[in-house]
Amino acid sequence: MPSSRSARFPALAVIVVLCLGSLCGALMQSLVIPIQSELPHLLSTDAGSASWAITATLLAAAVTMPVTGRLADMFGKKPVMVVSAGILLVGSALAAMSSTLAPFLVGRALQGIAMGYIPVAISMVREIAPPERRAGAVAAVSATLGVGGALGLPLSAWIAQDYSWHGLFWLSTVLAALILVATAIVVPNVHDAHPAHLDVVGIIGLAVGLIAVLVGVSKGSEWGWNATSTVGAIVGGLVVLVAWGWYELRHHDPLIDLRTTARRPVLFTNLAAVLIGFGMMAQSIVVPQLLEMPTETGYGLGQSILHAGLWMAPGGLMMMAFAPVSSALITRSGARITLALGALIIGVGYVVALALMGAPWQLMVASCVVCAGVGIGYAAMPTLIMDNVPPSEAGSGVGVNALMRSVGTTIAGAVMAAILTSDTVKFGGAVEIPAKSAFQLCFIVGAAAALAGAAVTLLIPRRSTVTADETVELREDGTEIGLIAGG
């Protein structure tokens with residue numbers, strides 16, 4: 001229960017702060033996309049090194065989310081969110097003051113680490129929201145994962161085009177400072193700490209394994225999928241993750257309780273998260289490229305980076321608009337059916353994109369359909385997780401689910417890049433650009449991933465919430481025997 005400080009501000013004010021903090025964290029994903037092609041010149045480096053400006057944030061966020069969730073379970077959610085906001089402030093200021101690659105990448109990595117704020121905010125909002133607002137509050141905070149990325153593109157394109165690229169990071173510095181102060185003052189202290197030993201070996205093992213695999217996947221198209229560096233990174237990372245899992249299963253106080261993660265409701269929710277994350281990211285990669293392709297190709301739409309971002313922005317608003325719809329569906333039909341419906345709508349959006357590729361407004365309509373599905377589905381996933389893990393593991397559970405979405409988006413980036421570079425046509429004499437059929441195949445693959453996510457979701461068994469006074473008895477293979485009363 002909240003402490004006496006929780007009465008200082010109404011629950012709605014706390015929920016708004018958690019939403020804004022999560023939104024600012026999610027903005028970091030797309031902050032440098034409009035200036036990515038200019039970064040080699042701006043930072044006096046080569047294109048390959050500059051590409052780490054996006055990869056560093058992705059890797060840091062992927063590793064941090066489950067770790068931050070676990071720390072929140074151990075030490076309390078508010079302290080961890082305050083620290084995350086502080087890290088965002090430092091990272092943003094460092095990137096804003098950088099003119100060379102090394103400090104800039106450190107700043108970008110710190111911005112990625114700060115995204116750990118998001119799963120902690122999702123797990124906390126359920127504790128402080130009134131019962132009648134709980135589903136809606138979780139839906140609103142969850143939707144910021146997609147909204148931040150969608151709105152960040154036109155916002156950063158506008159600032160970079162009309163002002164200075166350093167202005168992007170000074171803006172994020174100001175936002176981080178506001179979120180830090182608001183989180184410290186408005187968010188209440190709650191008695192939600194579950195003291196335990198910090199699994200340092202588990203953190204290191206997870207970080208090494210995940211970074212290796214994600215680097216290999218994200219850089220595969222650039223390095224070559226048969227290259228020793230790509231294969232070595234992926235295989236080596238998987239070996240480390242297997243060893244890490246063996247260690248975690250035998251540790252008395254693991255970073256992530258893999259037995260809980262292996263329970264069918266949690267396992268299938270996380271598998272669905274990978275597929276739905278793939279489905280969300282595919283359109284974020286493909287649609288802007290199609291919008292910006294020259295009209296002389298016969299299928300490109302000739303939009304500038306800023307205009308492409310503006311055509312994509314309604315999709316972000318659609319995610320937020322459908323958060324209350326998701327809340328109503330969760331209340332009426334349950335999170336399982338809601339997640340399946342969201343994935344189905346994402347798939348329908350890609351089918352719409354196949355039929356509507358001839359004008360910017362048509363792609364905007366298709367993106368809005370996809371984003372409506374994301375808004376519905378993203379809200380249901382953490383609800384399913386928190387309904388099926390003990391309260392002492394809520395932060396860790398939501399963090400792992402966020403990680404699975406990041407894995408899906410990383411795989412989507414690699415797959416879409418492979419498709420777009422494998423089917424090309426010559427333009428302007430010698431330049432190779434993706435063919436129209438490549439974009440169509442991307443939409444088909446995105447639809448297939450989303451529909452597979454819907455199918456996996458329907459495999460999630462119906463069951464009741466795990467309460468604080470219950471534990472789950474498991475067989476050795478991880479399947480559930482039943483609930484037993486807690487001591």
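The values are calculated or read from the model by the stated rules, or taken from the named source; none is laboratory data. Here the structure is a predicted model, which is why all the values come from computation and not from measurement. Here Cβ is always computed from backbone atoms with ideal geometry, including for glycine, and neighbour counts include all displayed protein chains. We work out accessible area using only protein heavy atoms, side chains counted, and drop any ligands, DNA or RNA first. Shrake-Rupley method; radii C 1.70, N 1.55, O 1.52, S 1.80 Å.
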The one condition residue 13 fails out of (1) part of a helix (DSSP H, G or I); (2) buried (at least 17 other Cβ atoms within 10 Å of the Cβ); (3) in contact (Cβ under 8 Å) with a residue 24 or more places away in the chain is (2)
Looking across the stretch 417-433 at residues that are open to solvent by 60 Å² or more (accessible area, probe 1.4 Å) and charged (D, E, K, R), the single one that is nearest to the chain's Cα centre (by Cα) is 432
| field | Test: residue 62 is surrounded by fewer than 20 Cβ atoms within 10 Å (Cβ to Cβ) and among the aliphatic types (A, V, I, L, M) | value | no
Within the stretch 111-133, residues being buried (at least 19 other Cβ atoms within 10 Å of the Cβ) and over 24 Å from residue 273 (Cβ atoms) number 1
Those residues of the stretch 315-358 that are part of a helix (DSSP H, G or I), closer than 23 Å to residue 302 by Cα and open to solvent by 50 Å² or more (accessible area, probe 1.4 Å) come to a total of 3
Out of (1) surrounded by fewer than 22 Cβ atoms within 10 Å (Cβ to Cβ); (2) more than 17 Å from the chain's Cα centre (by Cα); (3) part of a helix (DSSP H, G or I), the one residue 303 does not meet is (3)
Counting only residues that are at pLDDT below 90 and within 22 Å of the chain's Cα centre (by Cα), the stretch 434-462 contains a total of 1
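Is it true that residue 88 is open to solvent by 20 Å² or more (accessible area, probe 1.4 Å), hydrophobic (A, V, I, L, M, F, W, C) and farther than 22 Å from residue 411 by Cβ? Outline the logic, then answer.
Details: open to solvent by 20 Å² or more (accessible area, probe 1.4 Å): no; hydrophobic (A, V, I, L, M, F, W, C): yes; farther than 22 Å from residue 411 by Cβ: yes.
Taking the combined requirement at face value, the residue does not satisfy it.
When you check residue 362 against the structure, is it over 30 Å from residue 400 (Cβ atoms), touching a residue at least 60 places away in the same chain (Cβ under 8 Å) and in a helix (DSSP H, G or I), yes or no?
In short, no.
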Just one listed residue, out of 388, 401, is crowded, with 24+ Cβ neighbours inside 10 Å, under 20 Å from residue 81 (Cα atoms) and of a type outside the set (D, E, K, R), and it is 401
Residue 44 fails exactly one of (1) farther than 23 Å from residue 211 by Cα; (2) assigned to a helix (DSSP H, G or I), namely (2)
Out of (1) in contact with a Pro (Cβ under 9 Å, 6 or more places away or on another chain); (2) farther than 20 Å from residue 285 by Cα; (3) without any contact (Cβ under 8 Å) to a residue 40 or more places away in the chain; (4) not aromatic (Phe, Trp, Tyr), the one residue 333 does not meet is (1)
Residues of the stretch 95-110 being open to solvent by 50 Å² or more (accessible area, probe 1.4 Å), assigned to a helix (DSSP H, G or I) and more than 16 Å from residue 63 (Cα to Cα), in sequence order, are 97, 102
Residues of the stretch 291-300 being touching a helix residue (DSSP H, G or I) at 6+ places or on another chain (Cβ under 9 Å), open to solvent by 40 Å² or more (accessible area, probe 1.4 Å), in a helix (DSSP H, G or I) and farther than 20 Å from residue 160 by Cα, in sequence order, are none
By my count, helices (runs of 4 or more DSSP H) wholly in the stretch 189-290 with at least 3 residues that are modelled with pLDDT of 90 or more and not acidic (Asp, Glu) are 200-223, 228-250
Counting only residues in the stretch 261-277 that are within 15 Å of the chain's Cα centre (by Cα) and open to solvent by 20 Å² or more (accessible area, probe 1.4 Å), the one nearest to residue 369 (Cα to Cα) is identified as 275
Selection from the stretch 118-162 of residues in contact with an Asp or Glu (Cβ under 8 Å, 6 or more places away or on another chain) and charged (D, E, K, R) yields 127
(request) Return yes or no: is residue 376 closer than 17 Å to residue 265 by Cβ, in contact (Cβ under 8 Å) with a residue 24 or more places away in the chain and surrounded by 24 or more Cβ atoms within 10 Å (Cβ to Cβ)? (result) no
